[in-house]
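Some notes on the structure that comes next.
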Amino acid sequence: MARNIAASRLSNKLVRGQLSFEPAGPQDRQDILRILRENPVGGRFGISMEREPDPYASDFGLSPNHLTVIARDIVTGAAAGMCERTVFNAYVDGEVRALPYIGGLRAEQNYRHRISAIKGGFEAFRVFGERSGELPFALTSITSDNQAARRLLTAGLNGLPHYSPVGEFTTFVMRPRAQTRPKGIRIGSAADIPAIVNLLNRRARQFQFTPAWTIADVRGLANHGLPAEAFVLCGEGARISGCMAVWDQTANRQVVARSYPPLLGKLRRLANMLSPISRLPSFPPVGKPMRMATLSHLAVEDDDPDIFLRLVKAGLRLAKAKRFEQVAMGMASERNLCKHVRMSLRTIEYQTMLYLVHQPGHKALVDALQPGLAQPELGLL
């Protein structure tokens, strides 16, 4: 095995059985885009998470180590699948650590559920992706209704890494609303960014796997759909007690409905006609990218529900002004704020299970982590 890995490092290609695995480059761009487009996430809703026009820019310049691996059939050269490993600075046990995230695991129909293909992808991560100083485990997510993927990846099969569950994550999809700006909430400015970063990091220490932000990080996101004016804030000057952003990621990431549950598929147009009354988000035609914003960078002192709901309503108001049709917000399912969303807003919910992926030898390290709510940033998943 060691000899094979050494040879693979020299050739920048790992061959396992019928497939080769290597870091994707410019020559693979169209295949990566097609795989993402044609292989939606499994579940009741067939949703493709797309990355037009540049599949390698989905980290918004925040990751110091971002790797996309492509698998190809060694006989035909056809793309068989892909997977992605992105490293972000995040709080783990109250300290800032380099935390890998594994996502974008997609396989063409003929190669799905092949254990050898999955093993090859994870080995490629070790060979081409891992760097010193990074945590020896990676965060990942699987939609709760994607039973096939959950059964396969969490079965503890020989040769696959272990998947240790760390919590459930709820994504709320809401309809933007034109309404009066809630009392005490204002629009952010460039001068607010230091205070925003201070609040974000202070609150992030209370959770697990929450991003650690720098002033440069947040300022840099102005080039990726998140200017300072996209923040809504509670408080003045350096004494803000709550923040949230309306992040337009559509230039880098697109959410596309590829299929609906049968009944909804038949009644979609009727549901859209009634959406102003029901206050539920609309459902776009199959194949059309959603005009969706992400409510990101949420931080509220002591998770105060009153401040939180005022921020959400201000975010929905701002999203409406920017002509978004859907808004998504995600948080740990056990977080107390979830019940306030359900009591006060009309939403559609998606449940996701979060796992730490690790080799068997690192199980004790994972088990020793401090208990805490897993609160990654939806905008980076």
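The values are calculated or read from the model by the stated rules, or taken from the named source; none is laboratory data. All values derive from a computational prediction rather than experimental measurement. As a convention, Cβ positions derive from the backbone with ideal geometry for all residues, glycine included, and neighbour counts pool all protein chains shown. Side chains included, ligands, DNA and RNA excluded: accessible areas come from the protein's heavy atoms. Shrake-Rupley method; radii C 1.70, N 1.55, O 1.52, S 1.80 Å.
For the stretch 162-289, the spread of Cα positions along the three principal axes, ordered from largest to smallest, is 51, 49, 26 Å. With the cut-off at 40 Å, report for the chain the share of all Cα pairs above it, as a whole percent. That tail contains 14 percent of the Cα-Cα pairs. With all protein chains kept in place, the per residue accessible area of the stretch 18-92 amounts to 36 square angstrom at a probe of 1.4 angstrom.
For the stretch 27-34, 3J(HN,Hα) computed residue by residue from phi via the Karplus equation (6.51, -1.76, 1.60; θ = phi - 60°) reads 5, 9, 3, 5, 5, 4, 4, 5 Hz, glycine and proline entered as x.
Taking the C-alpha atoms only, the angle from helix 2-11 to the longest principal axis of the chain is near 70 degrees.
The simple Förster model, with R0 at 30 Å and r as the Cβ-Cβ distance, assigns Met343 and Arg202 a FRET efficiency of 0.65.
For the stretch 296-381, applying the loop criterion from DSSP together with a ceiling of 10 other beta carbons within 10 Å to the trypsin sites (Lys or Arg not before Pro) yields Arg323. Per residue of the chain, the DSSP helices (runs of n ≥ 4 H) give a summed -39500 (n - 2.57) that works out to -8000 deg cm²/dmol at 222 nm.
Within the stretch 346-365, name every residue whose backbone N is under 16 Å away from a label modeled 7 Å from Cα of Arg44 along the Cβ vector. Inside the label zone: 347-353. Under 5 Å between amide hydrogens, built in the peptide plane, is the criterion, and for Arg177 it picks out Arg317, Lys320 among residues at least 5 positions away or on other chains. In summary, the convex hull built on the alpha carbon positions of the stretch 205-259 has an orientation-averaged projected area of 5.9 nm². Shown here: the stretch 16-107, whose C-alpha atoms stretch 48, 32, 26 Å along the first, second and third principal axes, sorted largest to smallest. Restricting to the chain, what percent of DSSP beta bridges are antiparallel, rounded to 5? In the chain, approximately 90 percent of DSSP beta bridges are antiparallel ones. In the context of the full set of protein chains, the stretch 292-381 has a per residue accessible area of 42 Å² (1.4 Å probe).
Computed extension gain for Arg29 through Arg186, at 0.36 nm per residue and net of the alpha carbon distance, reaches 52.4 nm.
Among the trypsin sites (Lys or Arg not before Pro) found in the stretch 205-268, those both in a DSSP coil and sparsely packed, with 12 or fewer other Cβ atoms within 10 Å of their Cβ, are Arg239. For the stretch 43-135, averaging the sequence separation of C-alpha pairs within contact (under 8 Å, six or more residues apart) and dividing by the residue count gives a relative contact order of 24 percent. Taking Cα atoms only, the orientation of helix 193-204 departs from the longest principal axis of the chain by about 70 degrees. For the pair Arg239 and Arg219, what calculated FRET efficiency results from E = 1/(1 + (r/R0)^6), where r is the Cβ-Cβ distance and R0 = 22 Å, to the nearest 0.05? After rounding, the FRET efficiency stands at 0.60. Gain on full extension, evaluated as 0.36 nm per residue between Asn12 and Gln359 minus their Cα-Cα distance, stands at 122.6 nm.
Counting Lys and Arg as +1 and Asp and Glu as -1, what is the net charge of the other residues whose Cβ lies under 14 Å from the Cβ of Leu381? Net charge around Leu381: -1. Per residue, the average separation of C-alpha pairs within less than 8 Å and at least 6 apart gives the stretch 156-311 a relative contact order of 27 percent. Using only the Cα atoms of the stretch 1-155, build the gyration tensor, take square roots of its eigenvalues as a ≥ b ≥ c, and label the shape rounded, prolate or oblate: rounded if a/c is under 1.5, else prolate if a/b is larger than b/c, else oblate. The shape class here is rounded.
Here the stretch 32-136 has 49 percent of its accessible surface on carbon and sulfur atoms, given a 1.4 Å probe and all protein chains in place. Over the stretch 90-226, the ratio between the Cα radius of gyration and 2.2 N^0.38 Å evaluates to 1.37.
Label-to-label distance, Asp304 versus Ala148, with points set 7 angstrom from Cα along the beta-carbon direction: 4.8 nm.
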